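Report on one structure; see the data block that follows.
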Amino acid sequence: MFNSKKILLTASALLLLSLSTGIASASDATIKPVAKADVTIQMLTYQVKLKVGETYQLPYGRNYKYYPSQYSEGGPYFSVTNSGLVRALKLPPTIPGEAVGSVGVVQEGVRDIAEVFIEITY
């Protein structure tokens, strides 16, 4: 019985010693990244149909600015507030399904958020 205790104690000491050297060598190892993430954000593009008098709320966020561009002469056919609310003002002499302009939505100093094309219908 004394012999089995001695063997068990020796095995425990060897196991503890081998574990502690493995931990020490693992802590000395340098960590290298496996892969780099490439994150790109796409600008949102879509078209909105409005009837005269209707409104549409554009994406809204901190420091968002709105840049309207009206394509057809005889406008303005829509208006945009500082908070991004678009209002259809009058019917344009265009082909149905054709946009009369667009609004660029930009987070000032950071990135382009969206370009929203405006169509005004009957």
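Compute the label zone of MET43 within the stretch 87-118: residues whose backbone N is under 18 Å from the point 7 Å along Cα-to-Cβ.
Under 18 Å, as judged by backbone N against the label point of MET43, lie 99-118 of the stretch 87-118.
Determine ³J(HN,Hα), in whole Hz, for all residues of the stretch 62-68 in sequence, where each value follows from phi through the Karplus function 6.51 cos²θ - 1.76 cosθ + 1.60 and θ = phi - 60°; x replaces Gly and Pro.
For the stretch 62-68, the Karplus curve yields 5, 6, 7, 10, 10, 10, x Hz.
Just to make sure I understand: if all protein chains stay in place, what is the order of PHE78, PHE117 by accessible area at 1.4 Å, largest first?
PHE117, PHE78
Run through the stretch 70-120 and list the GluC sites (Glu not before Pro) located in a DSSP loop whose Cβ has at most 14 other Cβ atoms within 10 Å. Provide the component values of the computation, followed by the final result.
Numbers: sites: GLU73, GLU98, GLU108, GLU115, GLU119; in loops: GLU73, GLU98, GLU108.
Within the stretch 70-120, the qualifying GluC sites (Glu not before Pro) (loop, at most 14 other Cβ atoms within 10 Å) are GLU73, GLU98, GLU108.
Ordered by residue, what ³J(HN,Hα) values in Hz, to whole numbers, does the stretch 109-121 give under the Karplus form 6.51 cos²θ - 1.76 cosθ + 1.60, where θ = phi - 60° and Gly and Pro are x?
x, 10, 6, 7, 9, 7, 10, 10, 8, 10, 10, 10, 10
The values are calculated or read from the model by the stated rules, or taken from the named source; none is laboratory data. This one's a predicted model, so the numbers in the text were calculated from it and none came from an experiment. FYI the Cβ positions are ideal-geometry reconstructions off the backbone, even for glycines, and counts take in every protein chain you see. Ligands, DNA and RNA are excluded from the accessible area calculation, which covers all protein heavy atoms including side chains. Shrake-Rupley method; radii C 1.70, N 1.55, O 1.52, S 1.80 Å.
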